[in-house]
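Structure first, commentary second.
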Amino acid sequence: MISDCITAETTTTAVKEEWMELPLQTLLYEWARKNLSIPNDMSTLLAYMSLFLITCVHSWADKLGMELFHLGDFITRRKEVQESFKQAQVVSRSGAKIVENMANEIKTMMDAKISAVRRIMDAAENTALTNEEADKFFSYYNAKDMIEPHEPMPTEPPRELDDAGGPKIWVPPQRIVLTPKAEFFDTPVNLTVSSVHIPTNVYDRATETIRAIQWSENLDQIFRDNYKKDPTLSWQFFGSSTGFMRQFPASKWKTEPVDLYDCRLRSWFMEAATSPKDVIILLDGSGSMTGQRLDIAKHVVNTLLDTLGTNDFVNIFTFGDEVKPVVGCFEDTLVQANLGNVRELKEGIESVKTASIANFSAALTKAFEVLEQYKSDQKGSQCNQAIMIVSDGAPFSYEEIFEQYNWRELPYKPVRVFTYLIGKEVADVKDIKWMACANQGYYVHLMDTAEVREMVLNYIPVMARPLVLGRHDHPVIWTQVYADFVNITELVLINEALWELRTRETRIANLLGVAGTDVPIRDIKKILSPFLLGVNGYAFIVTNNGYILFHPDFRPIFQGYILKPAYNSVDMIEVELLDDDRPPRDFNPVLLTIRDSIINQSTGSKWMLVKNHFDEMKRVARVKRQYYWTAIQNTPFTLVITYPEQYGVNRLQIRIEDEIHRMNIKGSNTLSYFAGKRWKIHPLWLFCKHSNMTFDTPEEELLWFLGKMSQPGWKWPSSRSALPPEHTAAMYCDRQLMQSLVFDARVTEWFSKNTSFNSKDDKGTTKPNRLMAMH
């Protein structure tokens, strides 16, 4: 190629061969010496040499590009493909209509899950009122002890005494047959019964616990009926306020290295039982709290923080002579109980020192004023409010402060007060206990750290009383993404899930428990119609806190196997990056405005210039994208779709005469377009699904449905999403996607027939040369 750029004085073959042996620098210098008028000017020489080199590189690149284009044009037969698709219509893509239809499909699916949970709740309430007598020798499927047929029966342990001094009860574990199921992420399960998980710190033979295990076994019939009516259901749960959790289908619970699971400490249980709340924790920092008392108090505060979720708001003040926040920048505020803020509060607690005398008056006044200010300004959770006092005793009852702030409109008391008395030898019990009892709270006396975890949880049933008494207004709670990877699936994020929850209780205002079901993220993605969004289009869901449930740029795992601590609290503004050259964390006001509209569940649209990375984040493209969003009704979620401007605003649509039904009437055999094995369909798209049948491959399932469609009497289902349990139909299809698939197969049928080469991999296996329905 250099010979094309250099003008030599002679063009003989011998001379050409001679200069072709010379280095590039020498050739460039000789060219400049012969062609430049002032060869001694080195700056001019270098400039001409650079210009010459750039011109040559451009020429090479153009030639290489044209060669690659013609090669691709020949291999893909682009012109023939364009001619084939002229039979279809090019129509505008209506983002507003697409996002509305997708949101309705998701709502239909979520309504089906809510319907199943309500049946569990109704059955639990009715069964709990039977008042069966507790049978301490009752045998049940313990998720940690049950054994499979091939496992030996354990021997009875040496006789031990329980806490009451009587002989400890031992009941042999039950045998169970477990079979891996793909719909439960290949976990070995039994679809006829449920299993019970008992926390390590709960004695399963305690009267209240074993009675609840007994009556809750009747829920198995409801679990089975729910799964039969809606085979898309994932794990179903009932978490009891006594500590155990009943799970369907039954599966083993692995306890290695140690089992610390307690359903009452999980976010799904807390949020469903207590509703959003504003909490101020007052930690006694007086000199009398020095030593073990302070250690117990810190443990209490940390456990309280662990029970809060992202819908809660909290702050911690320590009080001696003065009232101070444990985190300096949290003065006079309530902060959202997200992972970052809770971490800051826990770090602040560790630096608390004891000194002087506790000023209860100033502490209570501070707490009431902050809560009152947030309520009047309509900030915080705008729901329940509570003050948690952690102290070794109060000298007075401070009745005048409660009269001023909390007893203005008796019998209504806006703030509940919970008191945690610390220490074994405490003289001032009466007054601190009165504070809780007189303000609709709960009093707890803690003497060592071993009982902290169990006793702190006593505030939950009290906070649940408003939900219990308002029997006709129990909210359904959807939590954030939940990665279950230790005891159930053993794979990080294999069971990414939401929880759909609802509280249930007895008629005497005591919380009975929480019922729920998993909704795997993969099930939601399947009904999002990605083919409607086109190339580089995608959809994602945002919670009412601004966190994403899923997103193409959602990377919850580090180095392939480590789950990131904040994986379920990734804000949408951290994954949608505007191309505005702003420094990190300095977010564009336009993006913040869109975020506010999304979390407030408005409907809207906006275009933005954003950055998209690809090739494993090695390259970045600047793209102008159009965004559309709308609320998913009766949920705290908002659906957002986006596609690029220009090539993303149009799509192909088949003509009426190309519909499957019309083709079958005309005598066309749609199955003939799918002959042989050299074709594949998109593995993640939902074409058709039969809930009561299994197929080895997606292609086999597709062929079965195409055969059904060619028979008389075929009707398309009205909804693409999983049908509600009340429906009896077991199969459903995406009509538009199936129509496009058959059209693509028909117009590209010539492609494989006219292929003159054999496409094989290194092992000699024939590869598919058609991937269907990708337009």
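For Y627, which of the numbered conditions (1) in the same structural domain as S602 (by the TED database); (2) open to solvent by less than 60 Å² (accessible area, probe 1.4 Å); (3) modelled with pLDDT under 85; (4) not basic (K, R) fails to hold?
Here Y627 meets the rest and fails (3).
Scan the range 211-224 and tell me whether some residue there is open to solvent by 10 Å² or more (accessible area, probe 1.4 Å), touching a His at 6+ places or on another chain (Cβ under 9 Å) and in contact (Cβ under 8 Å) with a residue 60 or more places away in the chain.
no
Go through the range 260-282 and give me each residue that's within 23 Å of K144 (Cβ to Cβ), in contact with a Ser or Thr (Cβ under 8 Å, 6 or more places away or on another chain) and open to solvent by 10 Å² or more (accessible area, probe 1.4 Å).
Selection gives L260, R264, L265, S267.
Kindly indicate the residue of the range 309-321 that is of a type outside the set (S, T, N, Q) and at pLDDT 90 or above and also farthest from D571 (Cα to Cα) among those meeting that condition. It would help to see each step written out before you state the result.
Of the range 309-321, the ones of a type outside the set (S, T, N, Q) are 309, 312-314, 316-317, 319-321.
From the residues that got through so far, the ones that are at pLDDT 90 or above too are 312-314, 316-317, 319.
Details: D312: 17, F313: 18, V314: 20, I316: 25, F317: 28, F319: 35 Å.
Top of the filtered list is F319.
Being surrounded by 18 or more Cβ atoms within 10 Å (Cβ to Cβ) and out of contact with any helix residue (DSSP H, G or I) (no Cβ under 9 Å at 6 or more places or on another chain) narrows it down to one residue among T232, T207, T187; which is it?
Details: T232 fails: out of contact with any helix residue (DSSP H, G or I) (no Cβ under 9 Å at 6 or more places or on another chain); T207 fails: surrounded by 18 or more Cβ atoms within 10 Å (Cβ to Cβ).
Every option except T187 fails the conditions.
The rows are residues; the columns are (1) open to solvent by less than 80 Å² (accessible area, probe 1.4 Å); (2) in contact with an Asp or Glu (Cβ under 7 Å, 6 or more places away or on another chain); (3) assigned to a loop (DSSP other than H, G, I, E, B); (4) within 22 Å of R655 (Cα to Cα).
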| residue | (1), (2), (3), (4) |
| --- | --- |
| L71 | no, no, no, no |
| K97 | no, no, no, yes |
| E100 | no, no, no, no |
| A103 | yes, no, no, no |
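In the range 76-100, what residues are of a type outside the set (G, A, S) and either more than 23 Å from V742 (Cα to Cα) or without any contact (Cβ under 8 Å) to a residue 24 or more places away in the chain (or both)?
Keep residues of the range 76-100 that are of a type outside the set (G, A, S), which gives 76-83, 85-87, 89-91, 93, 97-100.
T76, R78, K79, Q82, E83, K86, K97, V99, E100, listed by residue number.
Hand me the list of strands (runs of 3 or more DSSP E) wholly inside the range 152-251 holding 1 or more residues that are of a type in the set (S, T, Y). Before the answer, list the steps.
Working: elements: 179-181, 187-189, 195-197, 236-240, 245-248.
It comes to 179-181, 187-189, 195-197, 236-240.
Look at H197 and say whether it is assigned by the TED database to the domain that holds F244 and within 22 Å of F237 (Cα to Cα).
yes
Which residues, counting only those in the range 661-679, are modelled with pLDDT under 80 and crowded, with 18+ Cβ neighbours inside 10 Å?
First pass over the range 661-679, keeping only residues modelled with pLDDT under 80: 661-668.
M663 - this is the single residue of the range 661-679 that is modelled with pLDDT under 80 and crowded, with 18+ Cβ neighbours inside 10 Å.
Is the range 287-302 home to any residue that is free of Cβ contacts under 8 Å to residues at least 60 places away in the same chain, part of a helix (DSSP H, G or I), assigned by the TED database to the domain that holds M455 and within 29 Å of the chain's Cα centre (by Cα)?
yes
Might you let me know whether the range 406-429 holds any residue that is in a helix (DSSP H, G or I) and open to solvent by 10 Å² or more (accessible area, probe 1.4 Å)? Walk me through how you get there before you give the answer.
Taking the range 406-429 as the starting set, the residues that turn out to be in a helix (DSSP H, G or I) are none.
No.
Please verify whether the range 332-343 includes one or more residues that are more than 18 Å from I387 (Cα to Cα) and either touching an Asp or Glu at 6+ places or on another chain (Cβ under 7 Å) or part of a loop (DSSP other than H, G, I, E, B) (or both). Steps first, please.
First, the residues of the range 332-343 that are more than 18 Å from I387 (Cα to Cα): 338-341, 343.
Pick out the ones that are also either touching an Asp or Glu at 6+ places or on another chain (Cβ under 7 Å) or part of a loop (DSSP other than H, G, I, E, B) (or both) and you get 338.
Within the range 332-343, one or more residues are more than 18 Å from I387 (Cα to Cα) and either touching an Asp or Glu at 6+ places or on another chain (Cβ under 7 Å) or part of a loop (DSSP other than H, G, I, E, B) (or both).
Going residue by residue through the range 592-603, is there one that turns out to be closer than 23 Å to R93 by Cβ, modelled with pLDDT of 85 or more and not polar (S, T, N, Q)?
Here is the first cut: in the range 592-603, the ones closer than 23 Å to R93 by Cβ are 594, 597-598, 602-603.
Subset that is modelled with pLDDT of 85 or more: 594, 597-598, 602-603.
Keeping just the survivors that are not polar (S, T, N, Q) gives 594, 598.
The answer is yes, given that some residue of the range 592-603 is closer than 23 Å to R93 by Cβ, modelled with pLDDT of 85 or more and not polar (S, T, N, Q).
I'm told D321 meets every condition in (1) in contact with a Ser or Thr (Cβ under 7 Å, 6 or more places away or on another chain); (2) within 30 Å of G546 (Cα to Cα) except one. Can you identify the failing condition by its number?
Tallying (1) in contact with a Ser or Thr (Cβ under 7 Å, 6 or more places away or on another chain); (2) within 30 Å of G546 (Cα to Cα), D321 fails exactly one: (2).
Suppose we keep only residues that are aromatic (F, W, Y) and either part of a loop (DSSP other than H, G, I, E, B) or touching a Lys or Arg at 6+ places or on another chain (Cβ under 9 Å) (or both) within the range 534-568. Which one would you say is surrounded by the most Cβ atoms within 10 Å (Cβ to Cβ)?
Taking the range 534-568 first, the residues aromatic (F, W, Y) are 538, 540, 547, 550, 554, 558, 561, 567.
Filter again for either part of a loop (DSSP other than H, G, I, E, B) or touching a Lys or Arg at 6+ places or on another chain (Cβ under 9 Å) (or both), leaving 550, 554, 558, 561, 567.
Numbers: F550: 17, F554: 17, F558: 12, Y561: 9, Y567: 20.
So the residue we want is Y567.
Out of all the residues in the range 122-133, which are at pLDDT 80 or above and hydrophobic (A, V, I, L, M, F, W, C)? If you could, list the steps in order and put the result at the bottom.
First, pick out the residues of the range 122-133 that are at pLDDT 80 or above: 122-128, 133.
Residues satisfying the conditions are A123, A124, A128.
Identify all residues within the range 318-346 that are more than 33 Å from the chain's Cα centre (by Cα) and among the aromatic types (F, W, Y); write none if there are none.
Hit for the range 318-346 is F319, nothing else.
Run down S721, S759 and say which single residue is among the small types (G, A, S), more than 29 Å from R651 (Cα to Cα), modelled with pLDDT under 55 and open to solvent by less than 40 Å² (accessible area, probe 1.4 Å). Even if it seems obvious, please write down each step before you answer.
On the way: S721 fails: more than 29 Å from R651 (Cα to Cα).
Only one candidate passes the filter, namely S759.
Would you tally the residues in the range 569-616 being closer than 19 Å to Q336 by Cβ and open to solvent by 40 Å² or more (accessible area, probe 1.4 Å)?
Step one: list which residues in the range 569-616 are closer than 19 Å to Q336 by Cβ, which gives 569-574, 585, 587, 592, 595-596, 598-601.
After this cut, where a residue has to be open to solvent by 40 Å² or more (accessible area, probe 1.4 Å) as well, the list is 574, 585, 587, 592, 595-596, 600-601.
Total satisfying the criteria: 8.
Counting only residues that are outside any helix (DSSP H, G or I) and either open to solvent by less than 40 Å² (accessible area, probe 1.4 Å) or not assigned by the TED database to the domain that holds D295 (or both), how many does the range 355-372 have?
So in the range 355-372, the residues outside any helix (DSSP H, G or I) come out as 355-359.
Add one more test, that the residue is either open to solvent by less than 40 Å² (accessible area, probe 1.4 Å) or not assigned by the TED database to the domain that holds D295 (or both), and what stays is 358.
Residues that pass the stated criteria total 1.
Go through the range 255-286 residue by residue and tally those that are of a type in the set (D, E), touching a strand residue (DSSP E or B) at 6+ places or on another chain (Cβ under 7 Å) and outside any helix (DSSP H, G or I). Working first, answer last.
Start the filter on the range 255-286 by keeping residues that are of a type in the set (D, E), which leaves 256, 259, 262, 271, 278, 284.
If we keep only those that are touching a strand residue (DSSP E or B) at 6+ places or on another chain (Cβ under 7 Å) too, we end up with 271, 278, 284.
Then drop every residue that is not outside any helix (DSSP H, G or I), which leaves 278, 284.
Final tally of qualifying residues: 2.
I need the full set of residues from the range 680-699 which are without any contact (Cβ under 8 Å) to a residue 40 or more places away in the chain, open to solvent by less than 80 Å² (accessible area, probe 1.4 Å) and not hydroxyl-bearing (S, T, Y), in order please.
Correct list: M693, F695, P698, E699.
What residue, of G516, G546, is modelled with pLDDT of 85 or more and in the same structural domain as S194 (by the TED database)?
Working: G546 fails: in the same structural domain as S194 (by the TED database).
Result: G516 is the single residue among G516, G546 that is modelled with pLDDT of 85 or more and in the same structural domain as S194 (by the TED database).
Looking at Y647, Y627, which one is part of a strand (DSSP E or B), in contact (Cβ under 8 Å) with a residue 12 or more places away in the chain and not aliphatic (A, V, I, L, M)? Before the answer, list the steps.
Details: Y647 fails: part of a strand (DSSP E or B).
The match here is Y627.
Just give me the residues in the range 373-395 being at pLDDT 90 or above, not aliphatic (A, V, I, L, M) and not in a helix (DSSP H, G or I), in sequence order.
Hits for the range 373-395 are Q385, S391.
Would it be correct to say that G239 is of a type outside the set (S, T, N, Q), under 26 Å from the mean Cα position of the chain (by Cα), within 18 Å of D122 (Cα to Cα) and surrounded by 12 or more Cβ atoms within 10 Å (Cβ to Cβ)? Please lay out each step first, then the result.
Details: of a type outside the set (S, T, N, Q): yes; under 26 Å from the mean Cα position of the chain (by Cα): yes; within 18 Å of D122 (Cα to Cα): yes; surrounded by 12 or more Cβ atoms within 10 Å (Cβ to Cβ): yes.
Yes; evaluated as a whole, the condition is true for this residue.
The values are calculated or read from the model by the stated rules, or taken from the named source; none is laboratory data. Being a predicted model, the structure only gives us computed values, none of them experimental. All Cβ positions, even for glycine, are placed from backbone atoms using ideal geometry, and neighbour counts span all protein chains on display. Ligands, DNA and RNA are stripped out before the accessible areas are found, and what is left, the full protein with its side chains, is counted by its heavy atoms. Shrake-Rupley method; radii C 1.70, N 1.55, O 1.52, S 1.80 Å.
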